[in-house]
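K.L.:
Structure incoming, see below.
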Number of protein chains: 2
Amino acid sequence: MKLVKLAALLALIVPMASFADDQDAIDYREHVMKTMGEAVAAMALMAQQKVPADNFALHAQILAVTAATAKSAFKEKVPGGKAKPDVWAKWDDFSKRLDTLAAATADLAKTAKEGGMTAAMPKMKDALSCKGCHDLYREEKK
Amino acid sequence: MKLVKLAALLALIVPMASFADDQDAIDYREHVMKTMGEAVAAMALMAQQKVPADNFALHAQILAVTAATAKSAFKEKVPGGKAKPDVWAKWDDFSKRLDTLAAATADLAKTAKEGGMTAAMPKMKDALSCKGCHDLYREEKK
């Protein structure tokens, strides 16, 4: 009886915890991807010596923290926005790539925190392998 | 003589460390402000229960780390973009507001890390006082 009550309670709670609306899910993952884009753009200005690199380690940290949010931002199967259906059709590959991104950007952030941009530079190419994933999983139109 | 050499060396180095181009400085601070905007938008979707709040503490951390970059992003006097000239004419006030933002968002991120969104909610209004500063220092046109 207690288990039945628990199940009934969960049935009430679980839908509240899922996405209320498809557009909200799309908006959320776009906020995540744009945050990464802004961090990379800031770091690129520094790598090109266009602005001082004082904040490089902080932007690397922002990128790493954001990358850590990406898998759960995409986990609900909600096609739309720029995400190709393959995000979910090939979830094993896609999510593995997000794990790799999270690990590589965390390593980049750690290196930048310890040694600044100069130390982090050799790791940037691997950490910022955006294109590999975008080519496969992002619609270029719209 | 050594001091003269040092001064000559500094004269060579210092300009390299400053902003190479006004548009780059504007682009950089816009990346900073947009990063904050994306973090706040993600947190707002969670506060409105439109998406799960699992990543709330991470977005609060992103906001706090970004806020910590803002003062140096604006420190060079480069009018343009959406920044009103008062940013630099009233630098004492503007920079004090950025210090307050950095402290409030750091406190918000700490609270969210320890107690999740529910614990952080009462602090959101104070931490996200974007409008107070935008009304004074941001051009709404363009």
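The values are calculated or read from the model by the stated rules, or taken from the named source; none is laboratory data. All figures in this text were calculated on a predicted structure; none of them were measured in a lab. So basically every Cβ, Gly included, is an ideal-geometry build from the backbone, and we count neighbours across all protein chains shown. Each accessible area value is taken on the protein alone, full model and side chains, heavy atoms only, with ligands, DNA and RNA left out. Shrake-Rupley method; radii C 1.70, N 1.55, O 1.52, S 1.80 Å.
K.L.:
Averaged over peptide B:33-44, how many Cβ atoms belonging to another chain are found within 10 Å of each residue's Cβ?
P.N.:
5
K.L.:
Return the value, in Å² to the nearest 100, of accessible area buried between chains A and B (probe 1.4 Å, both sides summed).
P.N.:
Interface between A and B: roughly 2700 Å².
K.L.:
Okay, next question. Can you order the peptides B:66-76, A:112-122 by their average number of other Cβ atoms within 10 Å per residue, highest first?
P.N.:
Descending mean neighbour count gives B:66-76, A:112-122.
K.L.:
Measuring from a point 7 Å out along Cα→Cβ, what nm distances, shortest first, does B:K84 have to its partners in the other copies?
P.N.:
Inter-copy label distances (nm, one decimal, shortest first): 4.7.
K.L.:
Taking the Cα centre of region B:21-76 as the origin, how large is its charge dipole in debye, to the nearest 20, when only Lys and Arg (+1) and Asp and Glu (-1) carry charge on their Cβ atoms?
P.N.:
Using only the charged Cβ atoms, the result is roughly 360 debye.
K.L.:
Which entries in A:K96/B:K113; A:K50/A:K71; A:K125/B:K34 show an alpha-carbon gap greater than 29 Å?
P.N.:
A:K50/A:K71
K.L.:
Related question: From the label point of B:P122, set 7 Å from Cα along Cα→Cβ, how far away are the matching label points in the other copies, in nm, ordered shortest to longest?
P.N.:
Once sorted, the set of distances for B:P122 reads 5.1 nm.
K.L.:
Give the separation of the Cα centroids, region A:61-100 to region B:22-45, in Å.
P.N.:
The distance from the Cα centre of region A:61-100 to that of region B:22-45 comes to 22 Å.
K.L.:
A:K96 label points, 7 Å along Cα→Cβ, one per copy: pairwise distances from this copy to the rest in nm, shortest first?
P.N.:
Result for A:K96, in nm, nearest copy first: 5.7.
K.L.:
Averaged over peptide A:72-85, how many Cβ atoms belonging to another chain are found within 10 Å of each residue's Cβ?
P.N.:
1
K.L.:
At a probe size of 1.4 Å, how large is the accessible area of A:R138, to the nearest 10 Å²?
P.N.:
Answer for A:R138: close to 80 Å² accessible.
K.L.:
Sorting B:D27, B:D135 by accessible area (1.4 Å probe), largest first, what list results?
P.N.:
The ranking, largest first, comes out as B:D135, B:D27.
K.L.:
Sticking with this one: Order of A:29-38, B:55-64 by packing, highest average Cβ count within 10 Å first?
P.N.:
Going by the mean number of other Cβ atoms within 10 Å, highest first, we get B:55-64, A:29-38.
K.L.:
Computed on alpha carbon atoms, what radius of gyration and Dmax characterise region B:17-142, expressed in Å?
P.N.:
Calculated on Cα positions, Rg and Dmax stand at 15.2, 45 Å.
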